[in-house]
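S.K.: Dropping the structure in here first, questions after.
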Amino acid sequence: MGDPGENPRFTKRISGVHMAIKKVLLLGGSGFVGTYIVNRLSQRGIEVTVPTRRRERTKALIIQPGVTMPEADIRCEKTLT
C-alpha cells in the first residue's frame, strides 16, 4: 500500500489549508507499542498526553520532552474531568 500519506483513506485534503498536528492524546501510550509511538511523536516536537493509572510505572516516558502523564483511569469519568 505504500506510505499512508499517499493513500486517500488516510489523507484529507482541503484546498489551500495546511494543518499541522501539535497535540495528541494517546490512550495506551504506556504499553509496548504505545511507548514507541510516544517517543516518535516527542522527537517530532508534538505534545503528547498519556493518561495512566500508575505514573510510577512510566518513568521512562515522563522524562521525554513534551510528554504529560496525568494519573487517570479512562474507564472512570471522574478522573477525566
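S.K.: I'm checking my understanding of the structure. Among residues of the stretch 46-81 that are at pLDDT 80 or above and open to solvent by 60 Å² or more (accessible area, probe 1.4 Å), which one is farthest from the chain's Cα centre (by Cα)?
M.R.: The selected residue is ARG75.
S.K.: Output the qualifying pairs, or none if there are none: Cβ atoms under 6 angstrom, residues six or more apart or on different chains, first residue in the stretch 53-81 and closer than 16 Å to ILE37 by Cβ, second residue in a helix (DSSP H, G or I) and open to solvent by 80 Å² or more (accessible area, probe 1.4 Å).
M.R.: From the stretch 53-81, the pairs are MET69/ARG55.
The values are calculated or read from the model by the stated rules, or taken from the named source; none is laboratory data. On a predicted model such as this, the values are computed, not experimentally measured, just so you know. No Cβ is skipped: glycine too gets one built from the backbone with ideal geometry, and neighbour counts run over all protein chains shown. Please note that ligands, DNA and RNA were not included when accessible areas were found on the heavy atoms of the full protein model with its side chains. Shrake-Rupley method; radii C 1.70, N 1.55, O 1.52, S 1.80 Å.
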